[in-house]
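Please treat every number below as a calculation from the coordinates, not as lab data. None of the values given here were measured: they were computed from a predicted structure. Virtual Cβ from ideal backbone geometry, glycine too; neighbours counted across all protein chains shown.
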C-alpha cells in the first residue's frame, strides 16, 4: 500500500512536469483570427498572449468601428486560444492522473 502511494506521488510529479512543459510549448502555438471582412487580424499564443494586431488603414477613420472590431476579434481569438489550451492541458492531466477509485474526474 505504501508503495502504491509513492508510485502515485511519482506519477503526479511527472504529470506536473509534463503540464509545465506543455504550457511552455503553448507559447509557440499561434492562433490567428480576423474580422469577417479581413480588415483586422489578431494573432495570439495558445497561452492567450497577444503577439500581433494588423489594422487596415480604412479602420483608422472611425474610432468606434475600430474599437468594436478589436473587441469582437480579440474575444474570438481568446476563445480559440482557450479551447486549444484547455484541450492540450486536459489531455496531459488526464493521461497522467493515477487511477484512484472514486476519483473519475476526467470522464
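Comparing 56, 37, 95 in a Gaussian network model of the chain, where Cα atoms under 10 Å apart are tied by springs, the biggest mean-square fluctuation is seen for 37. Against the main long axis of the alpha-carbon atoms of the chain, helix 2-26 sits at an angle near 20°.
A Gaussian network model of the chain, with springs between Cα atoms under 10 Å, assigns the largest mean-square fluctuation among 83, 27, 57 to 57. Note that region 2-96 carries a Kirkwood radius of 15.3 Å, evaluated over its alpha carbons pair by pair.
Within the chain, antiparallel bridges make up roughly 100 percent of the DSSP beta bridges whose residues both belong there. Taking each DSSP H run with n ≥ 4 as -39500 (n - 2.57) and averaging over every residue of the chain yields -20000 deg cm²/dmol at 222 nm. The angle between the Cα long axis of helix 63-96 and the longest principal axis of the Cα atoms of the chain comes to about 20 degrees, rounded to the nearest 10.
Among 36, 52, 82, the largest mean-square fluctuation in a Gaussian network model of the chain (Cα springs under 10 Å) belongs to 36. Legend: calculated FRET efficiency, residue 91 to residue 4, from the Cβ-Cβ distance at R0 = 25 Å, rounded to 0.05, equals 0.50. Across region 33-83, Cα-Cα pairs farther apart than 16 Å form 34% of the total.
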